[in-house]
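Below you'll find the structure, written out as structure tokens, and then a few comments.
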Amino acid sequence: MIVHFICRGNVLRSVIAEAYLKSLQLPGVTVLSSGTVADKYRAVNIEAGYPENTRALLDSHGLTTDLKTHADQLSQDLLGDDQLVICVNALAYESAVAITQLPKSTVVWDIVDIGEGSRLAATPAQRQFYAEQIFDEITAKVDQLVVDKKLAQTL
């Protein structure tokens, strides 16, 4: 089974989900991630410290293998009907359907990004606090996904 996580920039949320699910080393499960506006905001995200900030967060949680080195732009070529596609929130979903045809089985989570909703970070400490919250929310969602979709039994 292929699991494809989609966020907007492909620098934090979908990267966390990809790295965490990969770390579970589930047989028969291939994991990838992409962003709906990765190309558009690539320079801005690099200037803001990504992917290094995400790498540091993942390192602090012991997730150091198979770390993504660059943001991938979502395109139709990356999608397949046989994939389990997960958009990390409704904004990512809306952005994805504006540029691609998603599989009917696409799942939409509710993980708010830094800079969205109530997660407005004015300081590096706030940004780190929100990143930790996002990490916890995503890992809990991935753990539930493994149970719900019986991914641990995929062969």
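Computed values, structure above
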read-out: Odd one out for residue 74, checked against (1) closer than 17 Å to residue 137 by Cα; (2) touching a Gly at 6+ places or on another chain (Cβ under 9 Å); (3) surrounded by 22 or more Cβ atoms within 10 Å (Cβ to Cβ); value: (1)
read-out: Top-ranked residue in the stretch 20-52 [being aliphatic (A, V, I, L, M) and in contact with an Asp or Glu (Cβ under 7 Å, 6 or more places away or on another chain); ranked as farthest from residue 141 (Cα to Cα)]; value: 38
read-out: Number of the condition not met by residue 64 [criteria: (1) in a helix (DSSP H, G or I); (2) polar (S, T, N, Q); (3) surrounded by fewer than 20 Cβ atoms within 10 Å (Cβ to Cβ); (4) free of Cβ contacts under 8 Å to residues at least 60 places away in the same chain]; value: (1)
read-out: Test for residue 80: is it of a type in the set (Gly, Ala, Ser), touching a residue at least 12 places away in the same chain (Cβ under 8 Å), assigned to a loop (DSSP other than H, G, I, E, B) and out of contact with any Gly (no Cβ under 9 Å at 6 or more places or on another chain); value: yes
read-out: Condition met for residue 134 (in contact with an Asp or Glu (Cβ under 8 Å, 6 or more places away or on another chain), closer than 22 Å to residue 23 by Cα and assigned to a helix (DSSP H, G or I)); value: yes
read-out: Count of the stretch 79-106 residues which are surrounded by fewer than 20 Cβ atoms within 10 Å (Cβ to Cβ), more than 10 Å from residue 8 (Cβ to Cβ) and of a type in the set (Ser, Thr, Tyr); value: 3
read-out: Odd one out for residue 69 among (1) assigned to a loop (DSSP other than H, G, I, E, B); (2) modelled with pLDDT of 95 or more; (3) polar (S, T, N, Q); value: (2)
read-out: Hits in the stretch 83-106 (condition: outside any loop (DSSP other than H, G, I, E, B), in contact (Cβ under 8 Å) with a residue 40 or more places away in the chain and either of a type in the set (D, E, K, R) or within 20 Å of residue 131 (Cα to Cα) (or both)); value: 86, 87, 91, 92
read-out: Within the stretch 1-56, tally of residues that are polar (S, T, N, Q), over 20 Å from residue 101 (Cβ atoms) and part of a helix (DSSP H, G or I); value: 4
read-out: Identity of the residue in the stretch 107-128, touching a residue at least 40 places away in the same chain (Cβ under 8 Å) and closer than 25 Å to residue 30 by Cα, that ends up surrounded by the most Cβ atoms within 10 Å (Cβ to Cβ); value: 111
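The values are calculated or read from the model by the stated rules, or taken from the named source; none is laboratory data. This one's a predicted model, so the numbers in the text were calculated from it and none came from an experiment. Cβ coordinates were reconstructed from backbone atoms using ideal geometry, including for glycine residues, and neighbour counts include every protein chain displayed.
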